[in-house]
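Following: one structure in structure tokens, then a few remarks.
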Amino acid sequence: MRPEILNPLFAEVEALKGVGPGIAKSLARLGLTRAIDLAYHLPTGTIERIHAAAASGALLGRIVILAVTPYEVRAGAGRAPTRIFAADGEGNTITLTFFNNPGWARKQLPLGEPRVVSGRLDAWGDEWQIVHPDVIEPAAATDIAIREPVYPLTEGISNKRMRELALTGLERAPELAEWIEPSLLAQQHWPAWRAALAMVHSDPAEANARKRVSYDEIFANQLALLLLRQVARRKRGVPLQGDGRITAKLKLPYQLTGAQRRVIDEIRGDMAQDRPMLRLLQGDVGSGKTLVALLAMLEAVEAGAQAAMLAPTEILSRQHFATLQRQCEAIGVRVAILTGREKGRAREAVLMGLADGSIDILVGTHAIFQAHVAYHRLGLIVIDEQHRFGVSQRLLLSEKAERPPHLLAMTATPIPRTLTLTVYGEMDVSRIDEMPPGRTPIETLVISDQKLADVIEGLGRHLAAGGQAYWVCPLVEESESVDAAAAEERAALLRQRFGTGKVGLVHGRMKGPEKDGVMASFASGDTGVLVATTVIEVGVDVPNATLIIVEGAERFGLAQLHQLRGRVGRGSGASRCILLRGSTLSETGRARLALMRETNDGFRIAEEDLRLRGPGEILGTRQSGEQGFKIATPEDVAELVPMAMGDARLLLDRDGGLASERGQAARLCLYLFERDAAVGLLRSG
Ligand code: ADP
Ligand code: MG
């Protein structure tokens, strides 16, 4: 349960004075539903206003507060703005320009009556103008703040009102005991928690206060991750050490890459310990993670245990099953599959085989961890495409068993090192940083979408030569229905050109089985082109699909583009990625896309993406269910994560149960940032 002292902060916004359902609804659009959300709704900058007696060249570009008297209105014809001419204290003419609400403007600025206006003074031709000035009655003019923090806004709430609301939220914040190590606090000159928040609200540029506020968020995250690790490591696992008798029989058509050999050594080293392994395997799409997983699973089997491999989708489960079965049949290792689709007798047979130990390796969707699925001796869990699952799932898996199995999580999301620590801080990390030999690098082209017709012609030639292709439509709106419509439209166009049967379509609004069907018919080669929003399956191998076309490429994150591109680089033949860019693309947008042409190195791309777009985007917060940071910027993450990690480690070393005074304070911090699941762990453990 949440400590009582925090309850006022977690009250709904409607409980605050002056907040009715209307405002609450507006606030909800910004995700502000509780007092604490308002208290943490921080200003992004400051407007500085200057009181001026009259306009002057020196004031151009500044926000001025100016007494004027309107003397003429010129109504805009058609789309032209309404312009109100006014005289300042020295008789200069200032044009007050309104692109909308002309009625309101006229009422606010009656001719011949002195008014005070405020806004940015611009030069327009040889006129001075202010576009959409704030208009103030002279009597109220002294109310205008000279320096005013600027808040992220939504329709229906002015900046002034938002600031009042934020401060109302802040009023509910009590003084809290300090959770930061005293020496760190002193060294950084950071204010206390409440004082820091208040300072950021009054001066967003206050660097120390701001940093402390970010630090708290990061600290809560790191501490939660370490608690997770502590729980997973507290229980003893089962050491598993193979004797090589099964792997020796394995016939591979190729040699392991150096990187594969290195990571399998790391994994074997972990599995031999009686501490359960908690390891993340990172490697680009096509880097050969499946084989590493197989070797790890065989290690478990040689040691007399079972292994389970979790995949995010039905179709990927089936593909893994086929691959594993092909390799395992010859060496006497029994593999089974369990998904929502196995029913009746087939399902019973699998459950029995698991329980009596006659099945060595099980592959499947989350069905493999349902409560009634009992293993004879589960020694290793492999999670494929880990980024599709959340932290909580990792947690559940490790929490269940008396002697927890070893855990190997695999992901193709190339997460920069600093972020690895924030997302997977509780795990050890192995990286496959080398591709299997003989791959032709994917050729990447950036083409203007005005060349769409040419691209479609090129696609036609590709299909005629027996190739297959992905056609990816961007997430335009944050709405699946709009995106689906765009994809449907594109599919319709391509069907017109290539025939209905040649073109498949998957999007986020389709149900699982329907999606699987489309995907399967593409994988089998029945359809030539697969039109998709970004929902196309991860990890599924379609050897003939050697062309991918990404529409609206500038709307994607680089890491996301890199992953999409990876769908086609899997065979030994040449493959190509065409990035179609909008014709209105900005310079920076262009530079980003150019980087895609330059490098195939997922880690380099991820670092760049982090720099350009921030952590939330890279982690694909929406898809993966991982919590991103709301306050901390990428710079904060880079600077403060190592610091917070050290601080959290120190605290847990001294006080693993968070029972001391400082430990109790740290619990408050976990609650503030809703990492309370981690607090729950403490009690149950
Ligand atoms: P991912 O890391 O994306 O899961 P996969 O494990 O699916 O990649 O491997 C991609 C392809 O590379 C597969 O066809 C696999 O058989 C092949 N492969 C894996 N390891 C090697 C290797 N050492 N040499 C050559 N090909 C390999
Ligand atoms: Mg894979």
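The values are calculated or read from the model by the stated rules, or taken from the named source; none is laboratory data. Note that the structure is predicted; figures quoted are calculated from it, not measured. Quick reminder, even Gly has a Cβ in these numbers, built from the backbone with ideal geometry, and neighbours come from all protein chains shown. When the accessible area is computed, the model is the full protein with side chains, heavy atoms only, and any ligands, DNA or RNA have been set aside. Shrake-Rupley method; radii C 1.70, N 1.55, O 1.52, S 1.80 Å.
When E314, E299 are checked against the criterion of being within 16 Å of ligand 2 (Cβ to nearest atom), touching a residue at least 24 places away in the same chain (Cβ under 8 Å) and among the charged types (D, E, K, R), E314 stands alone in meeting it. Taking the criterion of being in a helix (DSSP H, G or I), under 16 Å from G169 (Cα atoms) and of a type in the set (G, A, S), the residues of segment 1-34 that qualify are A15, A24, S26, A28. Scanning segment 167-198 for residues that are in contact with a helix residue (DSSP H, G or I) (Cβ under 7 Å, 6 or more places away or on another chain) and among the charged types (D, E, K, R) yields R172, E175, E178, E181. Within this structure, V238 fails the test of being open to solvent by less than 30 Å² (accessible area, probe 1.4 Å), among the β-branched types (V, I, T) and either at negative phi or assigned to a helix (DSSP H, G or I) (or both). When segment 290-314 is limited to residues that are assigned to a helix (DSSP H, G or I) and open to solvent by 20 Å² or more (accessible area, probe 1.4 Å), the one that is nearest to ligand 1 (Cβ to nearest atom) turns out to be T290. Taking the criterion of being among the aliphatic types (A, V, I, L, M) and more than 20 Å from V506 (Cβ to Cβ), the residues of segment 438-474 that qualify are I442, L445, V446, I447, L452, A453, V455, A464, A465.
Checked against the criterion of being under 29 Å from the mean Cα position of the chain (by Cα) and modelled with pLDDT of 85 or more, the candidates G344, G364, G390, G357 yield just one match: G364. When residues in segment 409-423 are screened for being aliphatic (A, V, I, L, M) and modelled with pLDDT of 75 or more, 3 of them pass. When R347 is tested against (1) farther than 28 Å from L226 by Cα; (2) assigned to a helix (DSSP H, G or I); (3) within 15 Å of ligand 1 (Cβ to nearest atom), only condition (3) is not met.
Being open to solvent by less than 30 Å² (accessible area, probe 1.4 Å) and either modelled with pLDDT under 75 or assigned to a loop (DSSP other than H, G, I, E, B) (or both) holds for only one residue in V637, V641, V568, and it is V568. Beta carbons closer than 6 Å, at least 6 apart along the sequence or on distinct chains, pair a first residue in segment 252-276 that is outside any loop (DSSP other than H, G, I, E, B) with a second that is of a type in the set (G, A, S) for Q260/G288; V263/S430; E266/S430; I267/A296. Each residue in segment 596-611 was checked for being modelled with pLDDT under 90 and open to solvent by less than 60 Å² (accessible area, probe 1.4 Å), and 8 pass.
For residues in segment 194-209 being open to solvent by 40 Å² or more (accessible area, probe 1.4 Å) and in contact with a Ser or Thr (Cβ under 8 Å, 6 or more places away or on another chain), which is modelled with the lowest pLDDT? Taking the candidates together, the pick is A205.
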